[in-house]
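Note sheet for the following structure.
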Amino acid sequence: MSALLLPNEILSMSAQAARLLVESGDGDGALLYLALLERGGDQARAAARLGWREDRLRPAWERLAGLGLAQPREEPPPPPRQDNRPPEYTRGDVAAALEKEPDFQGLCRELEGMLGRVFSDSDLRCAYTMYDHLGLPAEVILLLTGWAIRRERRQKNSPAACPRMPQIQRLAFQWKRLGLDTLERAEDYLRRQEGVDQREWAVLQAVGVTERRPAVEKEREFISAWVEMGLSDELIRLAYERTVYQKKAMSWPYMNKILQSWHQAGYQTAAQAEAGDRPPRRQARPAQGSPAQPRDFQPSQERIQKNADWLDQFLEEQEKGRR
């Protein structure tokens, strides 16, 4: 027992503090209090002494502070936000790169040929941002530029339209965020985009668009997701009809929720969705002595509204579950 009473290693606790800890029945709070006593009240050293994970340390600290036995925890300052803005390259930086880096020089010549113009200083800075700051290989930048040109011409319905270099640079940042920084990944992405291109107008028609036009960016995001899910045009049309019936107008987010719920249920055709949504029919009891005759009951307006209300509630619950 004498080892517990070594000189200069005695911790002092008031009777009130001991009583509060015992009455709370909180073992973690008591251990944290002892660690604070041992470390002279230093919060960081006490936390390090215990070595607990945050999900154990935080509630113990909050309970101890609630008992008045510790100061509220000093939250560590948030880490500094990383500045993802590209560096401000000077004309000298770009000129040096053109002189010393043959790959960058060749890339600029190829880009000028694809876009049909001689690059300005601003164009060269955009090209060097993609090459140096983003670190994209030259072949990926060329693939991206070719896709940007095709998209610009399709959207503007003009064979001579060409995007500006700042537009291409913005797309390059998107590709970098998507991890499209190798030729293989970029080619796979473009193959999938071509599949969306082939379906885009058919899907727009299914959602009530009558005048031929390219999809805007947000529409394109929804269409891409539906194509990835393998949904048929007829299923998309049915979801559009349900959306307009319930909302009295087209709503892309609402329609997307319907299609997501059908996809999760395994529906790929409109017939499957209609069968799955339709409530089971009751068999009419035949009159005594007469053979049973199959009867087909048309759902009433009340039944249709009831089913639509149920679908709204189901989709809201699904959305809450994802949060």
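The values are calculated or read from the model by the stated rules, or taken from the named source; none is laboratory data. Small disclaimer: the values here were computed from a predicted structure and weren't measured. In this analysis, Cβ positions are derived from the backbone assuming ideal geometry, glycine residues included, and neighbour counts consider all displayed protein chains. Just the protein is used for accessible areas: all its heavy atoms, side chains included, with ligands, DNA and RNA removed. Shrake-Rupley method; radii C 1.70, N 1.55, O 1.52, S 1.80 Å.
Brief remarks on what is shown
- With the simple spin-label model, which puts each label point 7 Å out from Cα in the Cβ direction, the LYS100 to MET229 separation comes to 5.2 nm.
- Shape call, the range 138-234: gyration tensor on alpha carbons, a/c limit 1.5: oblate
- Sites SER158 and ALA275, calculated FRET efficiency, Cβ-Cβ separation with R0 56 Å, nearest 0.05: 0.75
- Legend: distances between Cα atoms for LYS176/LYS218; LYS156/LYS257; LYS218/LYS248; pairs beyond 26 Å are LYS156/LYS257.
- Shape class for the range 92-183, computed from the alpha carbon gyration tensor (a ≥ b ≥ c): oblate, with a/c not under 1.5 and a/b at or below b/c.
- Estimated at 0.36 nm per residue, the fully extended path between GLN198 and ARG19 surpasses their Cα-Cα distance by 57.0 nm.
- Spin-label model distance (nm) - GLU211 vs GLN167, 7 Å beyond Cα toward Cβ: 2.1 nm
- Taking 0.36 nm per residue of sequence separation and removing the Cα-Cα distance, the ASP93/GLU187 pair yields an extension gain of 30.7 nm.
- Per-residue HN-Hα couplings for the range 239-247 [Karplus 6.51, -1.76, 1.60; θ = phi - 60°; Hz; x = Gly/Pro]: 5, 5, 5, 4, 5, 5, 4, 7, 9
- Surface analysis of the range 82-190 yields an accessible area of 57 Å² per residue, using protein heavy atoms and a 1.4 Å probe.
- Computed extension gain for GLN174 through ALA65, at 0.36 nm per residue and net of the alpha carbon distance, reaches 34.6 nm.
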